[in-house]
Amino acid sequence: PLVEELVHLRAERDRLYRRWEGGEEPGEESRADPDQSRQQAYGAVLALEKRITETWHQLLVRNADYARDASLWQVRTEPIQPYLDPDTALVEYFVCHGQLVAFVVNEERIDAYRLVGDTDQVRRLIQLLWLNLRVVPQGTLKQTAHRAANAQGLLQRLHDLLVEPLNAVLHRYLKLIFVPHGSLHYLPFQALYDGTTYLLEQHEISYLPGASMLRYCIEAEPSDAGVLVMGHSYNGRLPYALQEAESIADILGDGVLVEEGATLAQLRAAASGCQLIHLATHGEFRPDSPLFSGLALADGWLTTLDIFDLRLNASLVTLSACQTGQSVVAEGDELMGLMRAFLSAGAASVVLGLWTVEDRTAAQLMEEFNRKLAAGWSKGSALRYAQLQLIAGRNSDDDVEVAYAHPYFWAPFFLVGESGPL
């Protein structure tokens with residue numbers, strides 16, 4: 001009965017969510033006051049999400065595996081150094097009494113650095129950077145070039161606070177793994193700027209939500225074959241998502257599910273047997289209710305709750321969608337969002353987008369990324385190469401090279417987890 005109730009509640013939520021977004025349901029008469037109708041739908045959606053969450057928790061506590069795992073929940077750490085290559089350093093940040101501390105870990109030692117900047121200063125700079133990023137889509141070519149210079153100034157100040165004090169150690173390593181803390185989860189470290197080059201131009205960069213996750217990502221045993229590529233234009237608003245999905249399926253030599261074929265049922269049926277999963281669609285981050293952050297498919301939303309119920313054996317899940325990399329940072333620096341859900345479901349690594357992405361450049365970047373994956377490159381090096389192409393303007397087919405060099409276009413995507421080959 002609980003499962004039946006959950007299925008019913010979620011179907012009703014999807015129906016109301018479509019009205020909340022402004023689309024009329026089939027056969028529904030236009031409302032005299034559409035704004036009032038949307039507000040009513042909004043309130044009903046929130047009420048349903050609360051009931052869904054409560055029902056889901058009831059199912060969890062009746063599940064034997066959940067009870068077993070819950071008995072093991074305790075504060076513990078996992079070894080890090082045995083899983084680091086000689087050319088890799090892990091950088092973990094921590095906030096202590098308002099001051100930032102950085103731990104740099106290699107295969108032989110751990111060094112701690114007290115950083116000069118305080119958390120308030122760093123938070124203000126990150127907020128200014130996000131203001132810059134939000135206005136880029138509405139700007140002209142000239143305005144975007146000016147905003148790129150402004151963004152570089154902010155990124156240079158953040159570089160001076162967060163990376164420059166560690167450079168004497170970090171310059172020796174090709175690959176860096178960042179473990180952010182607090183507001184740093186919203187900072188694209190790959191875009192930090194030293195006044196001449198971006199950090200990505202000097203290092204291959206990946207992320208972890210916590211250092212202890214390194215072992216689990218590296219020890220994962222993904223499938224050795226199988227590709228699932230889905231594309232959905234979100235009612236025609238993302239035309240390049242379909243082009244991206246079809247191009248990537250051609251590159252990887254597999255089929256593609258687009259538009260009405262890109263359904264939740266198809267994903268659930270195929271995902272567990274796939275080495276690589278690529279979803280090109282609309283994404284939405286719900287800071288008010290992170291369990292309902294999700295990806296739009298033909299028959300509804302793939303939410304964080306849905307993903308927790310999947311059992312994946314994927315070496316890589318790529319979410320080519322807006323805001324998929326955003327998480328609610330809860331107490332204890334616990335992240336609540338799509339990233340945590342996919343890692344918990346068994347993915348060894350995930351590529352996500354930190355902010356709303358530009359449709360065309362996202363497609364170009366993803367095509368180049370997958371070409372290198374198909375050629376045997378590691379996940380980290382393939383993503384880095386694709387981003388460097390946009391920085392240099394080599395992927396554009398018109399006169400927007402300068403604009404595309406703005407971090408807004410190339411920096412939103414980042415890799416979490418194991419960064420080696422598929």
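The values are calculated or read from the model by the stated rules, or taken from the named source; none is laboratory data. Model, not experiment: these values are computed from the prediction. When we count neighbours, we look across all protein chains shown, and the Cβ atoms used for this are built from the backbone with ideal geometry, even at glycine. The accessibility values were calculated without ligands, DNA or RNA, using every heavy atom of the protein model including side chains. Shrake-Rupley method; radii C 1.70, N 1.55, O 1.52, S 1.80 Å.
Quick test for you: out of Ala211, Ala225, pick the one residue that is among the aliphatic types (A, V, I, L, M) and under 25 Å from Thr281 (Cβ atoms).
Every option except Ala225 fails the conditions.
Which members of segment 122-144 meet the condition of being in a helix (DSSP H, G or I) and either more than 21 Å from Leu354 (Cα to Cα) or of a type in the set (Val, Ile, Thr) (or both)?
Those that are in a helix (DSSP H, G or I) and either more than 21 Å from Leu354 (Cα to Cα) or of a type in the set (Val, Ile, Thr) (or both): Val122, Ile126, Val135, Val136, Leu141, Lys142, Gln143, Thr144.
Would you check which residues across segment 164-183 are surrounded by fewer than 21 Cβ atoms within 10 Å (Cβ to Cβ), of a type in the set (A, V, I, L, M) and either touching a residue at least 60 places away in the same chain (Cβ under 8 Å) or part of a loop (DSSP other than H, G, I, E, B) (or both) and list them?
Leu166, Val169, Leu170, Leu174
Check Gln156, Gln127 and return the single one that is out of contact with any strand residue (DSSP E or B) (no Cβ under 8 Å at 6 or more places or on another chain), among the polar types (S, T, N, Q) and either open to solvent by 10 Å² or more (accessible area, probe 1.4 Å) or farther than 19 Å from Phe103 by Cα (or both).
That would be Gln127, the only listed residue that is out of contact with any strand residue (DSSP E or B) (no Cβ under 8 Å at 6 or more places or on another chain), among the polar types (S, T, N, Q) and either open to solvent by 10 Å² or more (accessible area, probe 1.4 Å) or farther than 19 Å from Phe103 by Cα (or both).
Out of (1) surrounded by fewer than 17 Cβ atoms within 10 Å (Cβ to Cβ); (2) modelled with pLDDT of 85 or more, the odd one out for Glu92 is which?
So Glu92 meets the others, but not (1).
Looking at (1) surrounded by 24 or more Cβ atoms within 10 Å (Cβ to Cβ); (2) at pLDDT 90 or above; (3) part of a loop (DSSP other than H, G, I, E, B), can you tell me which one Val317 breaks?
(3)
Residues that are of a type in the set (Asp, Glu), open to solvent by 60 Å² or more (accessible area, probe 1.4 Å) and either modelled with pLDDT under 85 or not in a loop (DSSP other than H, G, I, E, B) (or both): does segment 52-62 have at least one?
Yes: segment 52-62 contains one or more residues that are of a type in the set (Asp, Glu), open to solvent by 60 Å² or more (accessible area, probe 1.4 Å) and either modelled with pLDDT under 85 or not in a loop (DSSP other than H, G, I, E, B) (or both).
Starting from segment 346-368, take each residue that is touching a residue at least 40 places away in the same chain (Cβ under 8 Å) and under 17 Å from Ala249 (Cβ atoms) and list its partners that are buried (at least 24 other Cβ atoms within 10 Å of the Cβ) and among the acidic types (Asp, Glu), counting only C-beta distances under 8 angstrom and pairs at least six apart or across chains.
From residues that are touching a residue at least 40 places away in the same chain (Cβ under 8 Å) and under 17 Å from Ala249 (Cβ atoms), the pairs are Ala362/Glu244; Ala363/Glu244; Met366/Glu244; Glu367/Glu244.
Look at segment 151-169 and say how many of its residues are under 13 Å from Pro407 (Cβ atoms) and touching a helix residue (DSSP H, G or I) at 6+ places or on another chain (Cβ under 6 Å).
4
Please specify each residue of segment 184-196 satisfying the condition of being of a type outside the set (Phe, Trp, Tyr), crowded, with 18+ Cβ neighbours inside 10 Å and farther than 16 Å from Gly353 by Cα.
Across segment 184-196, the qualifying residue is only Leu192.
Are any residues in segment 197-226 among the aliphatic types (A, V, I, L, M), farther than 16 Å from Phe342 by Cα and touching a Gly at 6+ places or on another chain (Cβ under 8 Å), and if so, which ones?
Passing the criteria: only Ile205.
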